[in-house]
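Have a look at the structure below before the remarks.
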Amino acid sequence: QVTLVESGGGLVQAGGSLRLSCAASGRTFSTYIAGWFRQAPGKEREFVTAIDRSEIGPSYADSVKGRFTISRDNAKNTVFLQMNSLKPEDTAVYYCAAAPAYRGYCGPYDYWGQGTQVTVSS
């Protein structure tokens, strides 16, 4: 069992930065793929980025490439999402998720956090 708790969301102006954190419980979390998803009002949840245990070759949605960076600290069971050059269209609830490594970045993801709101003003 893995429990995920996101933090770090908030209100920021366009062009600004935020760093989201996802704290995980469960001794096997370091072996899982960790991902970030987001859901804007009236839209479906979409993939943002994911990373495996080795941190080699993370995957990013085209909309965030070059602006967002995912990383993880396996010793602290924490995953981070550094978001730079934020745009109003990045406004959404951001969710952390975890999937067994054998499923790859496409998942499906078994565990989800409660989400953290990110609002980017123009």
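Collect the residues in region 35-49 that are surrounded by 14 or more Cβ atoms within 10 Å (Cβ to Cβ) and part of a loop (DSSP other than H, G, I, E, B), keeping them in residue-number order.
A40, R45
Regarding D52, is this residue open to solvent by 60 Å² or more (accessible area, probe 1.4 Å) and acidic (D, E)?
no
Check whether at least one residue in region 72-91 is open to solvent by less than 40 Å² (accessible area, probe 1.4 Å), among the hydroxyl-bearing types (S, T, Y), touching a residue at least 24 places away in the same chain (Cβ under 8 Å) and not in a loop (DSSP other than H, G, I, E, B), and report yes or no.
yes
Would a scan of region 100-110 turn up a residue that is part of a strand (DSSP E or B) and surrounded by fewer than 22 Cβ atoms within 10 Å (Cβ to Cβ)?
There is no residue in region 100-110 that is part of a strand (DSSP E or B) and surrounded by fewer than 22 Cβ atoms within 10 Å (Cβ to Cβ).
Filter region 43-63 down to residues that are of a type outside the set (D, E, K, R) and modelled with pLDDT of 95 or more and give me whichever is farthest from Q114 (Cα to Cα).
S63
Quickly run through region 61-71 and pick out the residues that are open to solvent by less than 50 Å² (accessible area, probe 1.4 Å) and assigned to a strand (DSSP E or B).
Answer for region 61-71, where residues must be open to solvent by less than 50 Å² (accessible area, probe 1.4 Å) and assigned to a strand (DSSP E or B): F68, I70, S71.
Out of the residues in region 18-27 that are open to solvent by less than 60 Å² (accessible area, probe 1.4 Å) and farther than 11 Å from V118 by Cβ, which is modelled with the lowest pLDDT?
Residue satisfying both the conditions and the ranking: G26.
Of the residues that make up region 24-40, is at least one in contact (Cβ under 8 Å) with a residue 60 or more places away in the chain, among the hydroxyl-bearing types (S, T, Y) and farther than 17 Å from D110 by Cα?
Checking region 24-40: not a single residue is in contact (Cβ under 8 Å) with a residue 60 or more places away in the chain, among the hydroxyl-bearing types (S, T, Y) and farther than 17 Å from D110 by Cα.
Sort out which residues of region 111-122 are part of a loop (DSSP other than H, G, I, E, B) and open to solvent by 60 Å² or more (accessible area, probe 1.4 Å), and write them in order of number.
Those that are part of a loop (DSSP other than H, G, I, E, B) and open to solvent by 60 Å² or more (accessible area, probe 1.4 Å): Q114, S122.
The values are calculated or read from the model by the stated rules, or taken from the named source; none is laboratory data. Since this is a predicted model, take the numbers as computed values, not measurements. Neighbour counts are summed over all protein chains in view; Cβ atoms, including those assigned to glycine, are modelled from backbone coordinates with ideal geometry. These area figures cover heavy atoms from the full protein model, side chains too; ligands, DNA and RNA do not enter into them. Shrake-Rupley method; radii C 1.70, N 1.55, O 1.52, S 1.80 Å.
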